[in-house]
Structures are given as C-alpha cells and as structure tokens.
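These notes are about the structure you will find just below.
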Amino acid sequence: MEMFLRNPLYTNPEPCQHLAEYKLKHGFNGYKAIQKLLVTSPIGKTSVKKPKAVPRCSFCNGCEGRFYLCLICSSFSCLDHTILHSQSEIGHAVFVDIERAELYCGVCCDQLYDPDFDRVVMSKHSMGLTSGATGNESIGQRLIKRRRLISGVGLNFQKSKCGVSTKDMRAKSCYPMGLRGLNNLGSTCFMNSVLQVLLHAPPVREYFLSGGHRLEACHRRRTTDLMCLLCEVNAIFSAVYSGDQNPYTPAQFLYSWWQHSANLASYEQQDAHEFFISMLDAIHEKEGKSRNGSKGNEDCQCIAHRVFYGLLRSDVTCMTCGFTSTTYDPCVDISLNLNTSVSSTEKGKKLNKRNDDGSLSTLSGCLDLFTRPEKLGSDQKLYCQNCQEKQDSLKQMSIRKLPLVLSLHVKRFEHSLVKKSSRKIDRYLHFPFSLDLSPYLSSSILRARYGNRIYSFGGDESDMFSEFEIFAVVTHSGTLESGHYVSFVRIRNQWYKCDDAWITEVDEATVRASQCYMIFYAQKTLYNKANEDQSHAPNSPGRELYFPIAGCC
C-alpha cells in the first residue's frame, strides 16, 4: 500500500462508512477477539471456529447456508437475518463471514476489504502454519525439508507407514510455478477468477513474463492521470510467478480497473464475463493506440487482440430470390445459448449427467445451435439488394477466423423484458477437453450449404489449426443475486481449483461436474508447446518449477 502514498496519481476508493464508524468507536477490539477464534485447516484455509453444536441463526434457528458473526454482540445469523439484525440494532453493521473469515456490512449488503483485518487474518494464518513445525525448525528449514521430500532426498520408504510415493508427495505438497491465491477485496471473486485464467493463458503468460510490456517506455509516454492497467497486470504476473507462497492482494489492479471502467467501480458483485470484456477493451485502448496508429482491430498488435481476436461470418439469404449478403464481425469471445438436445457429434457417447427435466446440454450442441440457419421474424425483415425491398430472410453464423485462445461464454443469465425480471439458468453442460472446431468454420458451413459445387469460400489458416485443448473454466454457483465465481486451471494435464486465496488440486470429474460459465481453449499446438516448455523449465532458487504454497492441499 506504500505505493499509493508515493504516487499522487493513485486514488483510494471511499471506505465503507459503517466500517469506518465501527473502527472509530471500537478500534481493533473486535478484530483481536475474532483473531482468537480463527482456526487454520490442514490445507491452510482460515475460518472462524464454530461452536461445538451445529451453528444456528439466532433469529430463525436455521442451520443451512452461510453464517455471520456480529462484531458487537457476537450473535450468529443467516444472510437474510444479518440484514434484519443491522436494521433492528443501531450500530450493529459489521459482521464476519465465519466460513471465509471475511468482513461483511449488513447495511451495504456487501463484503468489505480492510487491510487491518486482512493483517489480523494473515497473522493468524502464519501462526497456524508455524504451529505445525516440530522442535525449533525455522520456516526455511521446513521448506527445505518439503523440497527434499519432492526430490526423494532423505526419504526412507521402508520406515514410512503410509508408503507414499514421490509423485504422490509432490501432488500434495507442491504445485507448479504460477499457482498463487488472490485475496478477495470485497465481492471480487469475479475478478480473481478471470485473472487466474489470464495468468495461465499460454501466449498472455509468455508476453508478460518475457517483458512484452515495457514499463520504462510506458512511464515516459504517459500523458494522463489514469493508472496504466497493463503495468498493474504486469505487476500481478511478476508477483504470482515470483515463487512467493502467500496469497496476493490485487488492490492496485482493482483501483486501476475502476478508473478505466467507472461504470463498474463498486464493491458490489460484478459479472465475470463483463469484467473479461472490459479488461480486454482497456488493454486494447492502452496498448493498441501506441502500437497500431490508425490500423483496425484485424491488424491490431495489442496483446488482447493478438491472443483473443477472431472473426465471425454472417450470411443473410433472401428466402424469395436466394440472394446472400455477407458481413464480417470481429470478436474476442463467442456467446452461446444453452441447447436442450444432443448434437450429432455427441451421439453414441455415454453422457450420464442429465438435467432435472431429463434433457442433455452439450457444448457441441450449443455450437450447432450457434451456426444453425435461423429464420428471422416478420419484424426483422431485411432489405434485399436483388429484390429491392424487404423480404423474409435466413441468417447463418460461422467462424471465419479462429483466435489463438478461444473464449466461450455460456449464457446463464436470462432477462425478460415482458416480465421485467431476470433469472439464472442452472442447466448442466457437457464440454470436452479436446475440441475440434472444423465443423463450425465458414469453409465447412459453405461446403455443407453448396455441396460439391466449386465455390470460392475464402478459406484460411483456421482450417489447419482447428483443434483446441481446454486450459481453464470459470464457474458460477448460487443465485443471480448472491453467487460465487471460481476458476479451474489445467497445467500439464492436472487440474487446480482457484477459489480466491485458496488453491486446491482436483480431478477431472470435479471440473466436468462444475457449472461452467466461461470456457477457455488454446490451439492444440500452442497448448502442447506451453506444457513442454513448463516441463523443461530450469530450476533455480528464485524460479523453481514447483514450490510449497499456502492455502493448498
């Protein structure tokens, strides 16, 4: 936080008024009392110690869902009655989420981030890790011992009661470089989940770790008071890949993003997809101007477009005369509606996970739906250049150019203008780890439309690089009003769950069973090369391939 004091361009956000009033009146007494109740699990997760009996809400006596502890009267309450408690008891506004050890304001109905409380939690967290030591071992000695366990040095398997193999020990105690938790700054799980994806997107990672964003040149040409978002992203990459085991706090990045997206600047929960798009726009706005001059998006050399830029083709065919007009639209992701039937490419496969109504939804089916000819409604008649009047038309989408990294957005939030309401679609979606996009390319769509006739469809290199491998998934659990984002990242065919500050190793079944909201694929050759580079990465004291990490199991 010292950087904010030194740099007049940084502006801290307005703190919660109710938290400020609480600290002014009670100081840190409540924080100190809570610290005594904090416990750290074997995987490094810190939470508030629950009573011996099943915790129940003081108002409704319910025992399900999240519980909050009032910092004034120490009463337990569910989320609904936390708000009621704040309204009925003057000054009882600040609570602690006992499951996640995070502050919550019952008046603002929002999570809070306070550096002072964060220090209390992290202090207890460190004490919890230290208490696991034997004798007078220092933290450094324990880390050396754990690294020896990884390499097999000093192991005596004959004396081991468990007989754990070297491979198993590595999986439980050490994770690949670049896996580091991100602290929640108050309903910022949407931001953390997307940042974890970008941190492990092969070309984005290579760009920042190889010095692609030149910091000195950036500072020299800065002409506005806006913080440089790319500099903050670069700082996150440097911190995450430094080997530091403690969760990182991306506060400076958050403030920088707020300056570039003022309409989204608040501690309220935001949409992960909207954040992803706004972030790419901000990167393009910053880097695109300096690199491109007057060039368009297709030739843009900013890192956002070099990695995520693709091109969609839209064919609108007059149903009267057959005349077809074609337009091309640039995109950095593809939004898909959830389908309710199995696609032709999925038939014959064993798909066990069905929705409550017995139907199946698959990613291939969603892509089939996206590229299927659609009859436009009578209120959407388009002007036909050949007929010289508006006619009924068929519209068909296809992918003209594939990006290096494909971002697929699953439309789970439905908004009704008629009912003036919104709801979340909780359908399960089957998605493959290896994806062949050749059936959805413009060349394939046009071949299917025109048969064996000779037709110039303008194929390009996308035909040769249509195979993709999954490397990250962003999931959303909960309701539209109160939900939580988590990301899964795939490194060398092993999956890891990134839940804010906590990193855990998971199996493929856990990822497949998740409620995916955004799915990220990298071109197969790119994905394989990235895995190969990580496998042969040199080990050094500061850049080891594997390192012990807090908050992991």
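Filtering the stretch 47-62 to residues that are at pLDDT 80 or above and open to solvent by less than 80 Å² (accessible area, probe 1.4 Å) leaves 48, 57, 58, 60, 62.
Meeting the requirement of 2 or more residues that are at pLDDT below 90 and open to solvent by less than 70 Å² (accessible area, probe 1.4 Å), the strands (runs of 3 or more DSSP E) wholly within the stretch 434-543 are 467-478, 483-491. Selection of the stretch 5-19 for residues being over 29 Å from the mean Cα position of the chain (by Cα) and at pLDDT 90 or above yields only 18.
The stretch 319-389 holds strands (runs of 3 or more DSSP E) entirely within its bounds, and those carrying 2 or more residues that are among the aliphatic types (A, V, I, L, M) and either at pLDDT below 85 or touching a helix residue (DSSP H, G or I) at 6+ places or on another chain (Cβ under 9 Å) (or both) map to 334-336. Beta carbons closer than 9 Å, at least 6 apart along the sequence or on distinct chains, pair a first residue in the stretch 282-308 that is surrounded by 12 or more Cβ atoms within 10 Å (Cβ to Cβ) and modelled with pLDDT of 60 or more with a second that is aromatic (Phe, Trp, Tyr) and outside any loop (DSSP other than H, G, I, E, B) for 282/257; 303/207; 303/208; 306/207; 307/207.
Figure legend. Inter-residue proximity from the stretch 502-522: first residues among the small types (Gly, Ala, Ser), second residues not in a strand (DSSP E or B), beta-carbon distance below 6 Å, spacing 6+ or different chains. Indicated pairs: 522/202. Annotation: of all residues in the stretch 373-383 being charged (D, E, K, R) and surrounded by 13 or more Cβ atoms within 10 Å (Cβ to Cβ), the one that is nearest to residue 441 (Cα to Cα) is 374.
Filtering the stretch 395-409 down to residues that are touching an Asp or Glu at 6+ places or on another chain (Cβ under 6 Å) and at pLDDT below 95, which residue is surrounded by the most Cβ atoms within 10 Å (Cβ to Cβ)? By that ranking, first place goes to 396.
Every residue, every condition in (1) among the charged types (D, E, K, R); (2) under 30 Å from residue 252 (Cα atoms); (3) without any contact (Cβ under 8 Å) to a residue 12 or more places away in the chain, yes or no:
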position: 19; (1), (2), (3): no, yes, no
position: 26; (1), (2), (3): no, yes, no
position: 34; (1), (2), (3): no, yes, no
position: 46; (1), (2), (3): no, yes, no
position: 70; (1), (2), (3): no, yes, no
position: 79; (1), (2), (3): no, yes, no
position: 86; (1), (2), (3): no, no, no
position: 95; (1), (2), (3): no, yes, no
position: 118; (1), (2), (3): yes, yes, no
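Residues in the stretch 59-86 that are of a type in the set (S, T, N, Q) and farther than 24 Å from residue 479 by Cα: 74, 75.
Considered as a group, the residues in the stretch 384-394 that are touching a residue at least 40 places away in the same chain (Cβ under 8 Å) and either over 24 Å from residue 311 (Cβ atoms) or not small (Gly, Ala, Ser) (or both) include one that is most open to solvent (accessible area, probe 1.4 Å), and that residue is 385. Does the stretch 86-106 contain any residue that is open to solvent by 30 Å² or more (accessible area, probe 1.4 Å) and of a type in the set (Gly, Ala, Ser)? Yes.
The values are calculated or read from the model by the stated rules, or taken from the named source; none is laboratory data. In this text the structure is predicted, and so the values were computed from the model without any measurement. No Cβ is skipped: glycine too gets one built from the backbone with ideal geometry, and neighbour counts run over all protein chains shown. Please note that ligands, DNA and RNA were not included when accessible areas were found on the heavy atoms of the full protein model with its side chains. Shrake-Rupley method; radii C 1.70, N 1.55, O 1.52, S 1.80 Å.
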